[in-house]
Each structure stands twice: as C-alpha cells, then as structure tokens.
1. I need the full set of residues from segment 120-136 which are out of contact with any Leu (no Cβ under 6 Å at 6 or more places or on another chain), within 12 Å of Glu77 (Cβ to Cβ) and open to solvent by 80 Å² or more (accessible area, probe 1.4 Å), in order please.
2. In segment 328-363, which residues are open to solvent by 30 Å² or more (accessible area, probe 1.4 Å) and over 28 Å from Glu403 (Cα atoms)?
3. Taking the residues in segment 1-19 that are open to solvent by 90 Å² or more (accessible area, probe 1.4 Å) and outside any helix (DSSP H, G or I) as candidates, determine which candidate is modelled with the highest pLDDT.
4. Would you call Leu81 open to solvent by 30 Å² or more (accessible area, probe 1.4 Å) and closer than 30 Å to Ile172 by Cα?
5. Only residues that are within 21 Å of Gly256 (Cβ to Cβ), in contact with a Phe, Trp or Tyr (Cβ under 8 Å, 6 or more places away or on another chain) and in a loop (DSSP other than H, G, I, E, B): list them for segment 118-173, please.
6. Given the conditions (1) among the hydroxyl-bearing types (Ser, Thr, Tyr); (2) open to solvent by 30 Å² or more (accessible area, probe 1.4 Å); (3) modelled with pLDDT of 75 or more; (4) closer than 28 Å to Tyr434 by Cα, report the number of the one that Ser168 does not fulfil.
7. So the check is Cβ under 6 Å with 6+ separation or different chains; which pairs have a first residue in segment 20-34 that's open to solvent by less than 50 Å² (accessible area, probe 1.4 Å) and a second one that's of a type in the set (Ser, Thr, Tyr)?
8. Could you give every pair whose Cβ atoms fall below 9 Å, whose first residue belongs to segment 104-124 and is closer than 25 Å to Pro164 by Cα, and whose second residue is assigned to a loop (DSSP other than H, G, I, E, B), counting only separations of at least 6 or pairs across chains?
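The values are calculated or read from the model by the stated rules, or taken from the named source; none is laboratory data. Not measured: the values here are computed from a predicted model. Cβ placement follows ideal geometry from the backbone for every residue including glycine, while neighbour counts extend to all protein chains displayed. Ligands, DNA and RNA are excluded from the accessible area calculation, which covers all protein heavy atoms including side chains. Shrake-Rupley method; radii C 1.70, N 1.55, O 1.52, S 1.80 Å.
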Amino acid sequence: MISFIRSYYPNLRLFWILAVISVMFVCGFFFGIIYYIAMGFLLLTILAVITEIFILYLSDGIVADRILPEKLSNGDENEILIKLINRYKFNIECLIIDETPFQLQKRDFKIIRKLSTGSEITLKYFLRPVKRGSYTFGKLNIYVTGILGLGSRKFIFCEGTELPVYPSFLKIKHYEMKAISNRLINPGIKEVRKLGHTMEFEHIREYRNGDDYRSINWKATGRKGDMMVNQFIDERSQNIYCIIDMGRNMKMPFNGMTLLDYSINSTLAVSSIVQKKYDKAGLVTFSDELGTFIPASNSITQRAKISESLYRLETNYAETSFEILYSFIRRKIPQRSLLMIFTNFETINAMRRNIDYIKLIAKFHLPLIVFFENTEVSKMLNDIPQKDFDIYKKITAEQFMIEKQEIINELRMNGIMSLLCKPEDLTLKTINKYLEIKSRRLV
C-alpha cells in the first residue's frame, strides 16, 4: 500500500499531513473550533511547501549520471551504475526512477537514497536482457526532497541513450581461464582426463613425479645424466566449426530466451576458447538455405567477426534442410573438421528425415549433434498426478523423454556423436565436449 501511494506521491510526508488535515475538516463540520485549527494547519503547510520548493529551486543542487557499458550481454546480469552528487547545503532524499528499455518490461523501478550535504554516491542495479538487438534507455528522473520533506523538485538527466545487446560475452573470460588451465571443476564443468598424449612435440624437460614413463627421452637422459622426458602439447590449428540451425524448431522459448539465443551464446563462448587453445574457429548458419559463413581462422579479428554476425542472426521460421548443409560443407570445407551442429530434434522421425545427410557429413568430418532437453516436459515427470488428465500428461512426458533417448541411441549406432542438454547448461557442456574430443584426439 505504501509503495503504491509513493508511486503517485513522491513526498509521502506531505501526503499524510494533507490526509490528517482533510480528516480535521470533516470533524470541523460538527465542531467549529476544529475547522479553524485545520485551516491554520493548512496555511502553515502551504507556506512550508512554498518555502521548501523555493529553496530547492535556488540552485541546481544535484548532479547525476547513468554509467552504461558499451554493450549489454544477452542472458546475463548486466551492471548499470548511477552516480549522484549532492551540492545543496543541506541533507536531501532522492527518489530515483530510471526509464529502462521497454523490452525489459521493468515498470516498477525506483531507488530511494538519502544524501548528506556535499556527499557523492554510486548506486548500481542489474538488468538481464533476453533478446538481442537495440535497447533504448529513457530519462533518468530524480525527485529531490528537502529537510522538511514537504516539497520536491524533479531533475532529468541522460535522455535517450541507445545500447546494443550482443550475444553473451560476460562469462567468456571465466570459461577461457578455466579451459586454458584445464581446471574446469566448477559445478557443471568437469576436468577432462587426458588419454595418452598428443602428437605435437614441444620441448625436452627434466622428469617430474607423475610423468608418463613412455615419454622418457633415453638419448637426452644419457647425455644429461638426469631423467629427461619429451613434453607434448595439444595438436593445434584444427578447424572447429559451430553450425547453427536457424529453422523454426529453434524458436522454442525457455526462461525467456529462445533455443537460437542459447545456441548463439554458446557459439561465442566455444569459439573464444577454441582460439585460446590455438585452434581455428568458424561459423555456419543454415535453414532452408545457407545463411552466414565465416571460414575457420585463428586471427585476432575472428572473434569480433563471429560476434558481429551472431548479433544479427534471426530465425526465418522455415523447415531446416540438412541436404543444403551437406552440399555446402562438401564445397566449402575440404579439410577434416569438428562440426558442432546446434539443432533441435523433438521427435525421432524428425531426426530420421536428416540422418542420411548427417552420415554423409560424417564420412569427411566429425559431426557433433547438439540438441535440447525439453525442461518443461522434464518438470512434468516430477509432478504428482491429481486428476486423470494429469496422468495422461505424465505418460506423454515420459514418452517424449524416451524418444529423446532413442534419438541418442540411433545416432550412436550410426557412429555419430551427440549431446543432449538443458538450454541453461548448453555452454558448459559444449565446452566440456570440445575439450574431451581434443583429449581423445578424435579430430
């Protein structure tokens, strides 16, 4: 109730005083003396309000600024800062109402802070966009109340600031550091055990406890007199392509974001780690026709190219054609590559319509089919049926889950790797899978 009143009356103290005076006027209808007392209080209140407003308008007593990043990260909590300076000679109270972009539908935004004279504070709040594109911030409105709390003055700052929302980039640094150090031990990320050793020789070094005896360099050991081993590094400069299905099956929403946006965020993170691992990252998009193609490269500008292309991607609601994808790959990607194909098979028949083309791709490359678990269906499995219809829904959900597992089994029977995961776990699991494939030297 108080919050509702405050949204219409920034000076809450004045509201209550006027409410009391109104009650006194009603009582004055029955008792004449109360009427004159109420009139006196009303005149005093009007005088106090005029005086306070006059003092507030004597000078521009506050300075405020909204500090925004260059761009927002889609699906992440983005930090927004508001800097306030009180130049009045007295303490004030500020009611801050920031006009956030309409796409966020944040209609109840307000912050109340008290500032002592001459003080400076920095406030922060967080916004989570769930769609790429251009977002416009409106006015930064600040209502300043003086010592008495009866009058207020409205200040307006930072009118009309436009900001782009790019695929998720805030967590990339975190993933990069973990991947490079091979310490992916956070929840959802696991350390991948190295199987054997890779083929690229780096240098010879002294033996340390835990080194593989098969790596001992006996000639160097004989010359040096100490045990020496060969140091190997992961094979580099391999082509890693993220291929994104742009068809209508990727428009399905989860937690406010579409499967397409989850795939885009994951692609940007994986591409960044691929380059940090000295491999070459590339991008392909397709639906009923070919979309974007960025050849695999490890140049310093590659990540910016991929990010800019991902920013503009939109599904066209068409039926996906893996035939077009296969034809394009045969023409444009001659070298054996890891192809991480982000798509979504809801039924086994949808997968079977495309399995022949995936098998043809697998003759020349290493495809990894990444598709999504329907989390809404998964929740139904844990619900306790209350009615007959609830039983039907639960049985249907179980059939959907069984069919997803059948898709995995059929892909495996045809020698094709697959990854089924929840949308929110997509980035973590694709990074793990890439590191596992590298450790097993499958490319």
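1. Hits for segment 120-136 are Phe126, Arg128.
2. Across segment 328-363, the qualifying residues are Arg330, Arg331, Lys332, Pro334, Gln335, Arg336.
3. Tyr9
4. Spelling it out, Leu81 is indeed open to solvent by 30 Å² or more (accessible area, probe 1.4 Å) and closer than 30 Å to Ile172 by Cα.
5. Pro129, Arg132, Pro167
6. (2)
7. Once the first residue is open to solvent by less than 50 Å² (accessible area, probe 1.4 Å) and sits in segment 20-34, its partners that are of a type in the set (Ser, Thr, Tyr) give Gly28/Tyr35.
8. Leu104/Arg128; Leu104/Pro129; Leu104/Val130; Lys106/Thr100; Arg107/Thr100; Phe109/Glu99; Phe109/Thr100
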